[in-house]
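**Q** The structure under discussion is supplied below as structure tokens; questions concerning it will follow.
Here, each number is a calculation from the coordinates, and none is a lab measurement. Keep in mind that what you see is a predicted model, and the values were worked out from it rather than measured. Please note: Cβ atoms are built from the backbone with ideal geometry, for glycine as well, and neighbour counts cover all protein chains shown.
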Amino acid sequence: MIGLPVMFNPDLASGRAESGPCLVLVSFDRSLELEHLKSLASHLFGLYQNGSADPTDAEIVAALKDDLFRGQKRQELPDKYRRGYNLALFSVILDRKHAIDTPIGAAVLFAAVGEAGDDQVEPIPAAPFQAALGV
Amino acid sequence: MRVDYALLDRLFDEWMLTDEGKKLHAQKATSDLGMTVMVFLLGVILICTIYYAVSGFKCIVGIFTGEAFETTISGAYRSNPNRFVR
């Protein structure tokens, strides 16, 4: 599985905290391009910031706006965003030293362990896998 | 940018042999055991709920008053020996 954060805790993003909660878009689908995952993560952040006029987005917008971390959990995505891929949102505690910077904008890449049906994923250091990620 | 999944799998297998990987594996094994236990308990509750639905209040009362499951189930056998073995 591969994941890209949608939202960080501000202290984590600024470096004031070594670890903190974040919302991560995870793909269990190996056929999904990282660029597409990044694009979808950005779109979801846009829904958080700006909402959506589309009534079918109401549930996911409400879930994104509920941005208080209440433990690790899984949030399913509407079909129109999954588009047949095995994707889900996970609230996790991310350790900054586990992450690696990428050339995709300001995105940060991390590694985690989990199976497709799991309710939560376990972040692990990304550095040992850097060679496989081409970053 | 593309992910080399074959290499990723090999690196992950190697990482699982490290102390950190072994620790995660142990945590996961414990978690799976916990889930197995939970499913088992849900099964017991389901059986008792079915019995409650067809035979009255005795089984549910038995659970919440701490009465042993064995007593409750054997009570079901006494009232209708064929209920669970049909």
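**Q** If you put +1 on each Lys and Arg Cβ and -1 on each Asp and Glu Cβ, how big is the dipole of chain A around its Cα centre, in Debye rounded to 20?
**A** Numbers: 12 positive and 18 negative charges, 39 e Å.
For this selection, approximately 180 debye.
**Q** Per residue of region A:29-42, what does 6.51 cos²θ - 1.76 cosθ + 1.60 with θ = phi - 60° give for ³J(HN,Hα)? Whole Hz please, x for Gly and Pro, Karplus curve as stated.
**A** 10, 6, 7, 7, 6, 4, 4, 5, 4, 5, 4, 5, 4, 5
**Q** Measure off 7 Å from each Cα along the Cα-to-Cβ vector at A:Ser31 and B:Glu20, then give the distance between these two points in nanometres to one decimal.
**A** Label at A:Ser31, label at B:Glu20, 3.2 nm between them.
**Q** Can I ask one more? Quick one: which residues, 5 or more positions from A:Gly3 or on another chain, have an amide H under 5 Å from its amide H? H modelled 1.01 Å from N in the peptide plane, none for Pro or chain starts.
**A** Under 5 Å from the amide H of A:Gly3: A:Ser27, A:Phe110.
**Q** Which net charge results when you count Lys and Arg as +1 and Asp and Glu as -1 among the other residues whose beta-carbon is under 15 Å from that of A:Ala127?
**A** -2
**Q** Give, in nm to one decimal, the length gained when the segment between A:Gln120 and A:Asn86 is fully stretched (0.36 nm per residue of separation minus the Cα-Cα distance).
**A** Working: separation 34, 0.36 × 34 = 12.24 nm, distance 1.45 nm.
Gain on extension, A:Gln120 to A:Asn86, equals 10.8 nm.
**Q** Also, quick follow-up: On average, how much area does the Cα convex hull of chain A cover when viewed from any direction, in nm²? Don't jump to the answer; show the numbers that get you there.
**A** Values: hull surface 31.2 nm².
Answer in nm², one decimal: 7.8.
**Q** Per 5 Å bin from zero, what fraction in whole % of the C-alpha pairs of region A:1-73 is there, up to the bin with the longest pair?
**A** Result, from short to long distances: 3, 15, 22, 22, 22, 13, 3, 1 percent.
**Q** Suppose the chain between A:His98 and A:Ala62 were pulled fully straight at 0.36 nm per residue; how much longer would it get relative to their current alpha carbon spacing?
**A** Working: separation 36, 0.36 × 36 = 12.96 nm, distance 2.95 nm.
Length difference between fully extended and current span is 10.0 nm.
**Q** Additional query: Would you please calculate the Kirkwood hydrodynamic radius of region A:38-84 over all C-alpha pairs and express it in Å, rounded to one decimal? Spell out each step's value before the answer.
**A** On the way: mean 1/r = 0.0877 Å⁻¹.
Radius from the Kirkwood sum: 11.4 Å.
**Q** Hand me the GluC sites (Glu not before Pro) from region A:8-107 located in a DSSP loop with no more than 13 other Cβ atoms within 10 Å, in residue order please. Mind dumping the intermediate values first?
**A** Numbers: sites: A:Glu18, A:Glu33, A:Glu35, A:Glu59, A:Glu76; in loops: A:Glu18, A:Glu33.
Answer by residue number: A:Glu18, A:Glu33.
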